[in-house]
1. Lys/Arg Cβ at +1, Asp/Glu Cβ at -1, dipole of the chain taken about the Cα centre: which of 101, 133, 83 is farthest positive-ward?
2. Place a +1 charge on the Cβ of each Lys and Arg in the chain and a -1 charge on the Cβ of each Asp and Glu, then give the dipole magnitude about the Cα centre in debye, rounded to the nearest 20.
3. Counting other beta carbons within 10 Å of each residue's own, what order do 275, 72 fall into, fewest first?
4. Output the 0 to 90 degree angle, nearest 10, between the alpha-carbon long axis of helix 343-355 and the longest principal axis computed from the alpha carbons of the chain.
5. Would you be so kind as to identify which of 226, 320, 146 lies farthest towards the positive end of the dipole of the chain, taking Lys and Arg as +1 and Asp and Glu as -1 on Cβ and the Cα centre as origin?
6. Quick check on the exposure proxy: order 264, 238, 60 from fewest to most C-beta atoms within 10 angstrom.
7. Quick check on my link table: of 287/327; 82/202; 205/349, which ones sit more than 27 Å apart, alpha carbon to alpha carbon?
8. Can you give the longest stretch of the chain with no exposed loop site, where a site means trypsin sites (Lys or Arg not before Pro) in a DSSP loop (not H, G, I, E or B) with at most 10 other C-beta atoms within 10 Å?
Amino acid sequence: MSQMLALVIIVGILFIGDVVAVRTKAWIPSVFVCAVLFLLGFWTFFPPEIVSLAGIPPAVATMMIYLLITNMGTLLSIQQLKAQWKTIVISISGILGIVVALFGIGSLIFDIQTVLVAIPPLVGGIVSALIMSEGAAEAGLISLSVFAIVIYVMQGFAGYPLTSIVLKKEGKTLLEKYRKGELREVEKKANILEETNEEELKLFKKLPKKYNTHYFKFFRLSFVAFLAYIVSVVVDPVVTISPYVLCLLFGIIATSIGFLERQVLEKANGFGLAMMALMLFIFDGLKNATPSMMMEILYPLVGCIVLGVIGMYIFSFIIGKVLKVSKEMAFAVSLTALYGFPADYIITKEVIDSLTEDEEERQVLTDRMLPPMLVGGFISVTIVSVILAGFFVGFL
């Protein structure tokens, strides 16, 4: 297969995912469609290295992850982050629900080692999955080593459609309130604050606009990501902090002090290409999920995901009631543990776009729904899951 043919095929799959999402008004998210098509492709005629062959090796994807996560930090102001304390509590409660469900009921159905291996990837990303996979392999548990990777790859199949469903319900409720005038005053204040932040680069007030080129935007964004990486390396002997967590934090700080503008990657016309590279890197992980492997671990795979989602819903529902957050939003925030960024961003934007074509209404929904989804994904996937993996791997 030539490089250009590989590129056409994999980008074509991303396009098909978009078409299905638009036609179904996000009831079937694009990431779900793409994951199915990539899985079928790897099971039939795709060469395993099709993504790298198309010109997107892991090194490129890693670079894009740093830029995208730092850019994501520019979406959240410090004020918004403080305002999301309820989101953090709900996200942690959802993870606690998974742990309780799997240790309580799961340990009666599956052996304790399966439960230990399942939990960190189920509430997190590739880092926690790799930690558990390597730990299981070192303990001689080869099938569980594969299980850790596959549960990470497959858990989104439950998370994508469920998230789309509950977010659509939440979005319709918010739109109804907004159209009645109940949210109008709050959202106007938020928009004024955001416009001020968008228009002002405090540290570059005297810089003529003609010098704020795309490359200067990329330079500042990459510099902030570099600082996050350096700090993670320096503090590693004392405490291990994911550089991705620091990228998010540094992006927030850099925007607050006026070093980065909001949504800087979009303004540098690089967001679409970066997102494409990252999505292809994620789907590339499906090459390891062979049909025989899937059949071997199908029962514990489905069982752990179902139990985890049930536990997540119960705990998020209870905490949502206590914190006066709708059950739909609370459950959606908890579900971000099943996929994290960028799927949380993509699904939320797809749902918003499907609910209304009015830009002002879309902004209202974005203000209300996107920040908690982004924060929830980072709390669970990037932070808590790695901590759990480091703790559970010692028991294998």
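Where a number appears in this text, it was derived from the coordinates with a stated rule and is not lab data. Computed from a prediction, not measured in an experiment: that's the story for all the values here. Quick reminder, even Gly has a Cβ in these numbers, built from the backbone with ideal geometry, and neighbours come from all protein chains shown.
1. 83
2. My answer is approximately 880 debye.
3. Listed from fewest to most nearby Cβ atoms, that is 275, 72.
4. Taking Cα atoms only, the helix is inclined about 60 degrees.
5. Sorting the options by dipole projection puts first 320.
6. Least crowded to most crowded, the residues run 238, 60, 264.
7. Details: 287/327 36 Å; 82/202 22 Å; 205/349 32 Å.
Table pairs above 27 Å Cα-Cα are 287/327; 205/349.
8. 1-179
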